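What follows is a set of notes on a single structure, which appears directly below.
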Amino acid sequence: MDNVSNVPQHVAIILDGNGRWAKAKGMPRSYGHVQGGKVLEDILVDADDIGIRYLTVYAFSTENWNRPADEISALMGLLKNYLKTSIKKCMKNNVRCRVIGDKSGLSEELQEAIAKMEEATAGNTGLTFTIAINYGGRDEITRAVKKVAAKVESGELKASEITEKMIADNLDTFDMPDPDLLIRTCNEQRISNYLLWQCAYTEFYFTPVAWPDFNREELLKAVEAYGNRTRKFGGLKT
Ligand code: FPP
């Protein structure tokens with residue numbers, strides 16, 4: 001265990017640079033995703049060891065459907081394989097695994113694999129590992145608003161009674177705290193429709209390291225940078 005103080009409770013990661021990393025090696029983009037998946041398995045153990053309680057990763061966005069068909073099918077295959085083969089590992093490490101995003105847009109096989117993984121690990125009390133698949137922040141907020149609007153339509157609720165908490169309670173992340181730290185790899189400094197509602201007060205950390213080269217040391221650097229910041233929630237710095 002490393003000596004880190006002020007560990008963020010919830011870390012969200014935009015795993016970027018798999019394609020560029022593979023291309024630089026003269027390999028197909030899917031090779032970068034395979035390597036990225038392996039790195040993620042190690043980071044999960046490192047995050048738990050450092051004391052992080054929630055790890056949420058962006059595996060496939062609502063916009064990723066615009067990628068070439070062979071890359072989409074490689075990514076979906078990788079996710080399905082991960083969900084099927086990692087149950088044992090999650091049980092061994094007491095990890096609760098869940099998926100956020102619009103699952104109805106995924107293949108039946110993938111939906112089944114997600115349900116099995118979520119059910120098997122639901123009672124685990126260690127790190128909560130959340131995978132965003134077919135996820136978009138705007139889509140998630142729209143789905144939440146539709147659920148609240150349905151209550152207004154049925155007369156259960158007045159529009160004037162809608163609160164922020166009602167929206168938050170209808171997001172896919174309803175049972176999780178907001179991320180304290182968001183890490184994005186490979187030199188990109190955008191939010192890309194990720195956890196838009198939840199990142200209202202999140203600290204951002206950007207690194208030039210491509211995701212397949214990310215490791216425990218890089219995670220520790222991000223956590224240390226976070227630990228040195230003074231968080232502000234709209235009030236004055238103390
Ligand atoms: C971004 O790299 C990465 C993705 C779109 C997919 C991330 C998925 C994995 C790491 C697969 C494994 C995931 C799990 C949960 C097992 P990019 O393709 O956008 O890279 P580029 O910007 O260099 O093109």
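The values are calculated or read from the model by the stated rules, or taken from the named source; none is laboratory data. What you see is a predicted model, and the numbers here were worked out from it, not measured in a lab. Cβ atoms come from the backbone with ideal geometry, glycine included; neighbour counts cover every protein chain shown. Side chains are part of the model used for accessible areas, which takes the heavy atoms of the whole protein and leaves out ligands, DNA and RNA. Shrake-Rupley method; radii C 1.70, N 1.55, O 1.52, S 1.80 Å.
Points worth noting:
- Size descriptor, Kirkwood hydrodynamic radius, that averages inverse alpha-carbon separations across the stretch 47-145, Å: 14.1
- Most to least packed among 23-36, 124-137 [average Cβ atoms within 10 Å]: 124-137, 23-36
- GNM result for the chain, Cα springs below 10 Å: residue of ARG143, ARG98, ARG67 fluctuating most strongly: ARG67
- With a threshold of 29 Å on the Cα-Cα distance, the over-threshold entries among LYS146/LYS232; LYS84/LYS151; LYS103/LYS151; LYS89/LYS232; LYS38/LYS146 are LYS146/LYS232; LYS84/LYS151; LYS89/LYS232; LYS38/LYS146.
- For the stretch 103-216, with +1 on Lys and Arg beta carbons and -1 on Asp and Glu, the positive-most of ASN187, MET176, PHE214 along the dipole: ASN187
- Summarising the overall dimensions of the chain from its C-alpha atoms, the Rg and Dmax are 18.3, 60 angstrom.
- Förster-model FRET efficiency, 22 Å R0, GLU153 and CYS199, C-beta, rounded to 0.05: 0.15
- Binned Cα-Cα distance frequencies in the stretch 1-83 - 5 Å width, integer %: 3, 13, 22, 22, 16, 11, 9, 4, 1
- Separation between Cα centres of the stretch 74-134 and the stretch 187-202, rounded to whole Å: 23
- Whole-number accessible area per residue in Å² for the chain, which is evaluated in the context of all protein chains at 1.4 Å: 52
- Within the listed set ILE191, ILE72, ILE162, the Gaussian network model of the chain (springs between alpha-carbon atoms below 10 Å) gives the highest mean-square fluctuation for ILE162.
- Solvent-accessible surface ranking, highest first, for LYS158, LYS88 at 1.4 angstrom: LYS88, LYS158
- The 1.4 Å probe gives accessible areas that order SER5, SER107, largest first, as SER5, SER107.
- FRET efficiency, 1/(1 + (r/R0)^6) with R0 35 Å, evaluated for ASN187 and ILE167 via beta carbons: 0.60
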